[in-house]
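Below: one structure, written as structure tokens.
The values are calculated or read from the model by the stated rules, or taken from the named source; none is laboratory data. Computed from a prediction, not measured in an experiment: that's the story for all the values here. Virtual Cβ from ideal backbone geometry, glycine too; neighbours counted across all protein chains shown. The accessibility values were calculated without ligands, DNA or RNA, using every heavy atom of the protein model including side chains. Shrake-Rupley method; radii C 1.70, N 1.55, O 1.52, S 1.80 Å.
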Amino acid sequence: MVDHALEKLVLELYHENKWRDILDLQNFKDAFEKHRLLWVWPSLEDLDWLKHIISERNVREIVSIGCGSGLLEWLIQKYLGIVVVGVEVDRKWWCSGYSPPLFLKNVHFIDEEDSRFEILPSQAILFCYFNNGSAFLNYVKQYTGRTVIVIGPGEGRGSCTDPVPFDRKFSDLGWKLDAAREIRDTKDYIAVYVR
Ligand SMILES: C[S@@+](CC[C@H](N)C(=O)[O-])C[C@H]1O[C@@H](n2cnc3c(N)ncnc32)[C@H](O)[C@@H]1O
């Protein structure tokens, strides 16, 4: 049986609001255990970079599509002091005993019948390791705001997402790359698109 040691530790730190200590776990060796909680473990410098970008653009809220456990979003919320709302599918799974915990309290499950979730133009949208290209296109085509953030693998990282951070789809859809940064030396990138 898997004991999910990392998950237990992160949960303890989360309940104690020790988000900086969670950032310090970035070098934890077991990739499977890490990916259960989040795909990209940011450093303080990465969050600082994002904070700068977000405040320059006057963004007050981020909607994270496919937020998974919401741990990244909770860390962003803590460091940036802004609201992050999650969007996911399949509440049953995320509330089951098999899934990772949900760290973000504000998650909309868009596949529920009574879901009336709407992304406002004042909100930025975030895709971190999103893996559903057709859903991505729908979200971006419906979005009327000005900032899209993508986190995912760059060349040579060996994982695949849809979209990837430097996806040609963005220019085809009329978006311009505004800023980008490698997350530590992971070959994962964060890219910010504007229009
Ligand atoms: C690889 S996981 C990444 C999770 C998280 N962002 C992370 O970085 O750890 C992709 C997530 O996208 C979610 N997803 C897939 N299709 C979706 C859709 N149409 N709307 C919202 N979320 C979706 C999946 O349920 C899954 O949790």
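With respect to the chain, whose longest principal axis is taken over its alpha-carbon atoms, helix 5-15 is tilted by about 70°.
The HN-Hα couplings worked out from phi for region 143-154 by the Karplus form 6.51 cos²θ - 1.76 cosθ + 1.60 (θ = phi - 60°) are 6, 10, x, 10, 9, 10, 10, 10, 10, x, x, x Hz, whole numbers, x standing for Gly and Pro.
The 3J(HN,Hα) values that the Karplus relation (6.51, -1.76, 1.60; θ = phi - 60°) gives for region 61-71 are, in residue order, 9, 10, 10, 9, 8, x, 6, x, 5, x, 5 Hz. Gly and Pro appear as x.
Taking trypsin sites (Lys or Arg not before Pro) across region 1-32, the ones in a DSSP loop with at most 15 further Cβ atoms lying within 10 angstrom of their Cβ are 18, 29. What does the net charge come to around residue 113 if you take all other residues with beta carbon closer than 15 Å to its beta carbon, with K and R at +1 and D and E at -1? Surrounding charge for residue 113 is -1.
Per the helix-only calculation at 222 nm, which mean residue ellipticity applies to the chain, given -39500 (n - 2.57) for every DSSP H run of n ≥ 4 and division by its residues, nearest 500 deg cm²/dmol?
Calculated at 222 nm, the ellipticity per residue is -9000 deg cm²/dmol.
With springs only between Cα atoms under 10 Å, which of 33, 113, 155 fluctuates most in a Gaussian network model of the chain? Per the Cα network of the chain with a 10 Å cutoff, 113 tops the list. Solvent exposure of region 40-194 amounts to 49 Å² per residue of accessible area, where only protein heavy atoms count and the probe is 1.4 Å. Between amide H atoms placed 1.01 Å from N, distances below 5 Å from residue 107 occur with 86, all of them 5 or more places distant or on a separate chain. With 28 Å as the limit, the listed pairs 8/141; 51/141; 92/176; 34/187; 8/105; 34/141 have 8/141; 92/176; 34/141 beyond it between alpha carbons. Summing +1 for each Lys or Arg and -1 for each Asp or Glu among the other residues whose beta-carbon sits under 10 angstrom from that of residue 195 gives +1.
Of the residues 44, 28, 177, the one whose Cα sits farthest toward the positive end of the charge dipole of the chain, with +1 on the Cβ of Lys and Arg and -1 on the Cβ of Asp and Glu, is 177.
Give the carbon-plus-sulfur fraction of the accessible surface of region 40-194 in %, rounded to a whole number; probe 1.4 Å, heavy atoms of protein chains only.
Working: 3550 of 7620 Å².
C and S atoms contribute 47 percent here.
Where the alpha-carbon atoms of region 131-195 are placed on the principal axes, they occupy 33, 23, 15 Å, in descending order.
Over the Cα atoms of the chain, the radius of gyration divided by the Kirkwood radius equals 0.94; this is the Rg/Rh ratio.
Coordinate range of the alpha-carbon atoms in region 24-96 per principal axis, descending: 38, 29, 14 Å.
Rounded to the nearest 10 degrees, the inclination of helix 133-142 to the longest alpha-carbon principal axis of the chain is 50 degrees. Take every pair of alpha-carbon atoms less than 8 Å apart whose residues are at least six positions apart; their mean separation over the length of the chain yields a relative contact order of 16 percent. With respect to the chain, whose longest principal axis is taken over its alpha-carbon atoms, helix 44-56 is tilted by about 30°.
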